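> Just dropping this structure here.
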Amino acid sequence: MSITRQNGHLQVENHSVESLAEQFGTPLYVYSRQSIETAFRAYDAAFPDRDHLVCYAVKANGSLAILQLLARLGSGFDIVSVGELERVLQAGGDPQRVVFSGVGKRVDEMERALDVGILAFNVESEAELERLDAVACARGVQAPVSLRVNPDVDARTHPYISTGLRDNKFGIDIHRAEAVYARAASLPGIRITGLDFHIGSQLTELEPLADALSRSLALVDRLDERGIPIEHLDIGGGLGIRYQDEHPPTPAELGESLAPLIGDRNLRLLMEPGRALVGEAGLLVTRVEYLKPGHRDFAIVDAAMTDLLRPALYDAWQRIEPVASPDTEPRVYDVVGPVCETADVLGRERALALQPDSLLAIYGAGAYGFVMASQYNARPRPAEVLVDGDQAHLIRERETIAELWRGEHLLDRP
Ligand code: LLP
């Protein structure tokens, strides 16, 4: 275990969280290297008998040092913008292990991805296919393409992070996909390589994934009969983590339930996990500024929805615990930030023993934490520290106030 308590004090690997807060200030993101590496290895071992590539979904946490350590483990990357592509390259990632997802790829993004030679474009619409063909032809190359199908299954997760229903904007209706593949096969700038789906995030059941896989495999077989062979199947990401009392399937269980469906088909398997690799590896550490008793008791802390948006945006529940076990009696608090929004809540009705100045740790903050941070209310974004055994690396400095207006210009006319 990478995040533990020693005599009541929270530790990340061999580092006390109190000393990290002391050294780097708060709010502070703290990650465990060991936890990320263990999660990656578990995912990488899920399909032992099959050629496969884990393509970490950069959107979950795109900090360079995190990408670097995953690249060193042999990870590929799932990106959704040229910005994420440049991050991967900057961190030493291999472009030939990059898949490019997203419904709105611009021409310049396609050009750059073609120039560096990515593994595949996950094409999400017919219009995108035509554009990609034109861009590739203009460069005299062929774009490797995997169509993202929308298998129309209910992922049974939060509606905001469910993507595999026909109502969602993602992917190509699976019932149209065969025709779109036929069209793709006729385009000179397109080389069909794969088939892709991603049905949603924070999945806690395997059945919807198995469903999506079965439908996709049926399509692969039909395409094969038509003389359109599929080389790789990309099953997306989505495995959940434990925020509260969920029991998400492990990567091993994922493998055990999906591998028999694929059978002996000659398909390379791609996966795009984000949250499951980094989510549980991270804490957001924050300090109590004020305790405000009243009709409801509020603990006002120095982190806000600007630092961790999930509770405000999705009403997501993330565990909050004092960093040091206190000797006072617990009371029920709403843990809120200083931002001028009623939605600026990190946790509602939490029984916590607190005093002003107490440090709190918010769990499950390694995924969709820092990446969704903003500067609203002119709040510099937090620092990030990666703990590696007894070393703590500052992987991102706390933003400075002056950085808040970098690139802005005052009017020079009176
Ligand atoms: N692949 C595609 C095409 C995706 O859209 C996503 C996530 C992933 C992979 C990675 O999914 P994961 O393994 O992390 O579940 N901000 C939300 C989550 C949004 C997920 C968007 N797509 C949250 O904080 O819950």
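> Of the residues Ala218, Ala210, Ala182, which is within 16 Å of Ala155 (Cα to Cα), surrounded by fewer than 21 Cβ atoms within 10 Å (Cβ to Cβ) and among the small types (Gly, Ala, Ser)?
Details: Ala218 fails: within 16 Å of Ala155 (Cα to Cα); Ala182 fails: within 16 Å of Ala155 (Cα to Cα).
Answer to the selection: Ala210.
> Of (1) more than 16 Å from the ligand (Cβ to nearest atom); (2) touching a strand residue (DSSP E or B) at 6+ places or on another chain (Cβ under 7 Å); (3) assigned by TED's automatic domain parsing to the domain that holds Leu267; (4) polar (S, T, N, Q), Ser63 satisfies all except one. Which?
Answer for Ser63: the failing condition is (1).
> Could you please let me know if Val323 is without any contact (Cβ under 8 Å) to a residue 60 or more places away in the chain and within 26 Å of Gly8 (Cα to Cα)?
So Val323 does not fit the description; no.
> Farther than 14 Å from Gly364 by Cα and either β-branched (Val, Ile, Thr) or more than 12 Å from the ligand (Cβ to nearest atom) (or both) - does that describe any residue in the stretch 308-315? Walk me through how you get there before you give the answer.
Applying the first criterion (farther than 14 Å from Gly364 by Cα) to the stretch 308-315 yields 312-315.
So of that shortlist, the ones also either β-branched (Val, Ile, Thr) or more than 12 Å from the ligand (Cβ to nearest atom) (or both) come out as none.
No; the residues of the stretch 308-315 include none that is farther than 14 Å from Gly364 by Cα and either β-branched (Val, Ile, Thr) or more than 12 Å from the ligand (Cβ to nearest atom) (or both).
> Strands (runs of 3 or more DSSP E) wholly in the stretch 1-98 with at least 3 residues that are of a type in the set (Ser, Thr, Tyr) and surrounded by 17 or more Cβ atoms within 10 Å (Cβ to Cβ) - which ones?
Details: elements: 3-6, 9-12, 28-32, 52-57, 76-79.
Output list reads 28-32.
> OK, next. For the stretch 99-114, which residues satisfy the criterion of being within 16 Å of the ligand (Cβ to nearest atom) and either in a strand (DSSP E or B) or aliphatic (A, V, I, L, M) (or both)? Walk me through how you get there before you give the answer.
Step one: filter the stretch 99-114 for residues within 16 Å of the ligand (Cβ to nearest atom), giving 99-105, 109, 113.
Correct list: Val99, Phe100, Val103, Ala113.
> Determine, yes or no, whether Gly117 is touching a Pro at 6+ places or on another chain (Cβ under 6 Å), more than 13 Å from the ligand (Cβ to nearest atom) and either within 14 Å of Leu277 (Cα to Cα) or not hydroxyl-bearing (Ser, Thr, Tyr) (or both).
Working: touching a Pro at 6+ places or on another chain (Cβ under 6 Å): yes; more than 13 Å from the ligand (Cβ to nearest atom): yes; either within 14 Å of Leu277 (Cα to Cα) or not hydroxyl-bearing (Ser, Thr, Tyr) (or both): yes.
Judged against the criteria, Gly117 is a match.
> In the stretch 228-245, which residues are within 17 Å of Gly364 (Cβ to Cβ) and either of a type in the set (S, T, N, Q) or under 18 Å from the mean Cα position of the chain (by Cα) (or both)? Quick ask: steps written out before the conclusion?
Filtering the stretch 228-245 down to residues within 17 Å of Gly364 (Cβ to Cβ) leaves 237-245.
Within the stretch 228-245, Gly237, Gly238, Leu239, Gly240, Ile241, Arg242, Tyr243, Gln244 meet the criteria.
> Also, I was wondering about something else. Restricting the first residue to the stretch 261-273 and requiring it to be within 16 Å of the ligand (Cβ to nearest atom), which pairs with a second residue that is open to solvent by 60 Å² or more (accessible area, probe 1.4 Å) meet a Cβ separation below 8 Å and a spacing of at least six or different chains?
Correct list of pairs: Leu269/Asp51.
> I would also like to ask the following. Kindly provide the set of residues from the stretch 154-178 that are open to solvent by 50 Å² or more (accessible area, probe 1.4 Å), at pLDDT 70 or above and not in a loop (DSSP other than H, G, I, E, B), ordered by number.
Across the stretch 154-178, the qualifying residues are His175, Arg176.
> Okay, moving on. Can Ala212 be described as away from the ligand (no atom under 14 Å from the Cβ) and either in contact (Cβ under 8 Å) with a residue 40 or more places away in the chain or in the same structural domain as Lys59 (by TED's automatic domain parsing) (or both)? So that I can check it myself, show each step before the final result.
Numbers: away from the ligand (no atom under 14 Å from the Cβ): no; either in contact (Cβ under 8 Å) with a residue 40 or more places away in the chain or in the same structural domain as Lys59 (by TED's automatic domain parsing) (or both): yes.
No, not satisfied.
The values are calculated or read from the model by the stated rules, or taken from the named source; none is laboratory data. On a predicted model such as this, the values are computed, not experimentally measured, just so you know. Quick reminder, even Gly has a Cβ in these numbers, built from the backbone with ideal geometry, and neighbours come from all protein chains shown. Calculation scope for accessible area: heavy atoms of the full protein, side chains included, ligands and nucleic acids excluded. Shrake-Rupley method; radii C 1.70, N 1.55, O 1.52, S 1.80 Å.
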